[in-house]
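The values are calculated or read from the model by the stated rules, or taken from the named source; none is laboratory data. Note that this is a predicted model, so its numbers are computed, not measured. Note that each Cβ is placed from the backbone with ideal geometry, even for glycine, and that neighbours are counted across all protein chains shown.
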Amino acid sequence: MKNRKLFQGLRHFSNDTIKILSLVLLWIVLFCFTIACDSFTEVDLPSSQLTAKDVFKDKVTANAAMVDIYTKIREQGILNGGPSGISSQFGLYTDELTYYGVSNSIQANFYTNSLLASDNEILQLWTNSYNQIYAANAVIEGVTASDALKPEDKEQLIGEALFVRALIHFYLTTIFGDVPYIVTTDYKQNTTVPRMSESEVYQLIKKDLLQASKLLPEEYVTAERIRPNKWASQAVLARVCLYLQQWDEASDAASSVLNQSGLYEWPSDPATVFLKGSPSTVWQLMPASDGMNTHEAETFVFYQGPPPSLAIADELVNTFSAADLRKENWIKAVTDGTSTWYHANKYKEATNTGSSVEYSIVLRLAEQYLIRAEARAHAGDIIGAKEDLNKTRNLAGLDNTTAVTADEIITAVLLERRLEFFTEFGHRFFDLKRTGRLDTTLSPVKPQWETTDRLLPIPESELLLNPNLAPQNEGY
């Protein structure tokens with residue numbers, strides 16, 4: 001084992017009573033998993049099967065169950081934009097962020113790559129994720145059993161739940177390696193479930209995404225793109241296929257999204273990309289109430305130096321060319337007159353603005369263009385790959401790429417991904433990992449980096465509760 005190293009609410013429903021009732025019912029249908037237990041392996045039997053069924057007899061309460069899952073995704077677990085989410089954690093873990101806070105914090109441990117299986121924050125990443133998966137499974141089972149919901153409503157809800165289940169499992173396996181793929185609310189089964197190989201998990205992710213793509217409508221059910229549609233599912237599928245080096249499938253899935261010109265629009269100004277109404281957004285998370293904005297802005301923005309917690313690494317800032325509009329729009333300098341620090345400025349509103357102007361964007365068109373560019377280069381489509389790569393370059397005010405060969409284009413794409421997706425849900429870590437460049441990239445700049453840091457530890461308490469999760473990941 002390693003030693004420590006130093007150092008949405010329901011705003012779409014106008015009746016507040018319905019909202020409160022819906023959430024109360026949801027707490028029951030999910031078998032009290034968020035209030036009665038710290039681990040998904042400790043879920044109790046439902047207190048009232050009848051009440052659980054009642055939730056899915058009504059479209060409003062059934063939708064409330066699904067919306068509540070997005071609320072939990074936004075507020076806790078892997079995809080939350082706060083200090084405990086992977087945007088900040090893996091920015092510190094790799095080479096995106098520099099840490100300035102106290103040395104006895106979990107952020108310091110991520111920054112020094114000195115995590116332990118006993119860290120509570122590692123447990124929270126794990127349990128919050130599986131609780132969200134459990135909730136998605138509860139929706140799938142409840143909606144499937146319902147004889148009151150209309151077929152189109154059932155398809156929508158099951159499709160969304162499959163999307164969530166696949167997405168959260170994707171992050172779990174890229175972070176922890178071999179993990180269980182949970183498809184039931186059977187508490188007895190979940191207490192003894194074994195880990196599956198990463199390849200098995202990826203195949204189940206693909207299966208869920210393909211099924212979600214069949215069930216979800218092409219149009220959004222809300223105007224603000226806070227509920228996934230078919231193309232959101234295809235966007236995640238494109239990413240999964242890229243990670244699996246299935247180039248043709250990755251390209252096809254990305255194309256299916258990019259071809260929706262009537263729904264999505266390529267932006268003309270980088271300054272508009274992270275606004276809530278951006279037409280390049282594929283899926284985003286709504287703040288808790290109108291006037292609030294993103295946890296990302298609260299986490300990354302600071303107004304005076306030295307930074308209270310974290311800042312963009314100087315090396316990353318210096319990687320941008322002077323002409324790159326992303327540096328101008330997405331990074332901001334803060335100086336005390338002697339020293340200068342930089343913070344991520346993709347999301348700018350860290351306070352209440354009266355009416356929300358920024359939502360947390362999880363999926364956007366730029367990723368699809370860069371997925372297709374990389375996949376096309378690997379498949380030998382040099383012209384198509386360069387066209388896709390130049391979309392993000394030109395939007396950033398840069399000239400067309402000078403890359404010629406497939407290898408040069410792939411290298412250029414990976415650099416473009418670094419500049420495009422910094423502080424966005426761990427893209428940098430996952431890109432280095434999937435391309436086998438973690439050690440060569442991080443060892444020179446991270447003195448504590450070890451090869452085994454490619455995976456986080458399985459939470460120690462989970463191993464004690466369920467021995468079938470053994471063995472622990474190497475190095476912990």
- Query: Within the range 145-159, is even one residue closer than 19 Å to Lys53 by Cα, of a type in the set (S, T, N, Q) and assigned to a helix (DSSP H, G or I)?
  - Reply: yes
- If the Cβ limit is 8 Å and pairs must be 6+ apart or interchain, which residue in the range 286-297 that is over 18 Å from Arg227 (Cβ atoms) pairs with which residue that is of a type in the set (A, V, I, L, M, F, W, C)? Asn293/Ala350; Asn293/Val357; Glu296/Ala344; Ala297/Ala350
- Message: Please determine whether any residue of the range 196-209 is over 23 Å from Gln89 (Cβ atoms) and buried (at least 23 other Cβ atoms within 10 Å of the Cβ).
- Response: yes
- Note on the structure: Phe110 vs (1) at pLDDT 95 or above; (2) more than 30 Å from Asp453 (Cα to Cα): all pass except (2)
- Evaluate the following for Ala235: is it modelled with pLDDT of 95 or more, under 14 Å from Phe163 (Cα atoms), surrounded by 18 or more Cβ atoms within 10 Å (Cβ to Cβ) and in contact with a strand residue (DSSP E or B) (Cβ under 9 Å, 6 or more places away or on another chain)? yes
